[in-house]
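Undergrad: The structure follows.
What follows draws every value from the coordinates through simple rules; no lab data is involved. Just so we're clear, the structure is a prediction, and the values are computed from it rather than from any experiment.
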Amino acid sequence: MANNCLSLVVHGGAGAKRGRDYSREIAHMREVVETGRDRLRAGALALDVAEEATAALEASGLYVAGRGSSPNTDGRYELDACLMDGHTGRAGSVAALQGFESPVGVARAIMDWTPHVMLAGEGAARFAAAQGLAAIAEDAAWFTHAGLDESNHPPGTLAHGTVGCVVRDAEGRLAAATSTGGVFGKLPGRVGDTPLIGSGGWADRGVAISCTGQGEYFMRVVAAAQLAHRMRFGGQGLAEAADAVLAEIRALGGEGGLIAVDAAGNIAMPFVSAGMKRAALLPSGDIVSEAF
Ligand code: ASP
């Protein structure tokens, strides 16, 4: 594979259900990949493209992240996100954020403008406000999921959705970003795997990963870092490591999937769930976009 190979994968969550029509999401994810590909061709950094693609997925309202997030049992929207730059090892993360349009943008600002990696809750919101990041005036008018939707997502079932992106840029830098509204009907204060560096996302110089699924399981196997460490210390290849991590999730009784890209530009997007909305720029230059 050529050294300057560009790789870009996005996901719209592993909560896809058989029998539903995801044609809007499939078309949208393709557009997001096309935009990211053009940015990479113009020399953009992997980290910037991962953040931009994730922000576009958040803003669409089509996925359970950003504008499409579902509320907790108090009817409040508490959002999680993280991003990581594999080239520098820097990371930013936000948990249980209320009142701001782009959690991944807040995570990026935490990485860029504080000495910290992660802020949560009220402190995160105060920081985002001080940075002048776009605030939500009124939840009910902005979010596309107005209620808990208990008919489709019974409480306690950990029904879920998330968005994320992994990128290899022309210089071989890797980055990952992930953003979520969490699981449907979650308790107030519940935080999943998504903002936990190493559980829901990870990037180093060998691989970048964004996970999606029942976060309670991904946290317990430290899914993203485990995958990276299987490659780095265990000598496994990308596909083998990804499948092994998902096998652990499944053995615990969980479901989900992940997207990943390695230093050579190889991609993996396996899932152990009914489906996973995803789109990828292939080494051939073609783009695939699918849900099952
Ligand atoms: N992992 C996310 C969470 O548990 C949900 C998802 O990926 O669908 O918050």
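Undergrad: Restricting to Cα pairs below 8 Å that are 6+ residues apart, what does the relative contact order work out to for region 132-263? Please round to a whole percent. Intermediate results must be reported in sequence, preceding the final value.
TA: Details: 235 pairs, mean separation 29.6, N = 132.
Relative CO of region 132-263 lands at 22 percent.
Undergrad: Which residue, Pro270, Pro188, Pro71, tops the fluctuation ranking in a GNM of the chain built on C-alpha contacts under 10 Å?
TA: Pro188
Undergrad: Under the classification rounded if a/c is under 1.5, otherwise prolate if a/b is larger than b/c and oblate if not, where does region 26-94 fall, given a ≥ b ≥ c as square roots of the Cα gyration tensor eigenvalues? Mind dumping the intermediate values first?
TA: On the way: a/c = 4.27, a/b = 1.43, b/c = 2.99.
Here region 26-94 falls in the oblate category.
Undergrad: In percent, what relative contact order does the chain have, based on Cα pairs under 8 Å that are 6 or more apart in sequence? Show your work: numbers first, answer last.
TA: Values: 829 pairs, mean separation 77.8, N = 292.
About 27 percent, as a whole number.
Undergrad: For region 55-118, what percent of Cα pairs sit more than 19 Å apart?
TA: 32
Undergrad: Does the chain come out rounded, prolate or oblate by the C-alpha gyration tensor, with a ≥ b ≥ c the root eigenvalues, rounded set by a/c under 1.5 and, if not, prolate when a/b is larger than b/c and oblate if not? Intermediate values should be presented prior to the final figure.
TA: Working: a/c = 1.42, a/b = 1.24, b/c = 1.14.
Since a/c stays below 1.5, the shape of the chain is classed as rounded.
Undergrad: Report, to one decimal in Å, the Kirkwood hydrodynamic radius for region 1-155 based on all distinct Cα pairs.
TA: Numbers: mean 1/r = 0.0598 Å⁻¹.
Result for region 1-155, one decimal place: 16.7 Å.
Undergrad: Next up: Mean-square fluctuation check for the chain, GNM, Cα pairs under 10 Å: which of Phe233, Phe100, Phe143 is largest?
TA: Residue with maximal mean-square fluctuation among Phe233, Phe100, Phe143: Phe233.
Undergrad: Moving on. Over the residues of region 199-292, compute the C-alpha Rg and express it relative to 2.2 N^0.38 Å.
TA: On the way: Rg = 12.6 Å, N = 94, 2.2 N^0.38 = 12.4 Å.
Relative to the rule-of-thumb radius for its length, region 199-292 sits at 1.02.
Undergrad: Contact order normalised by length for region 43-156, with contacts defined as Cα pairs under 8 Å and 6 or more residues apart; what percent is it?
TA: 24
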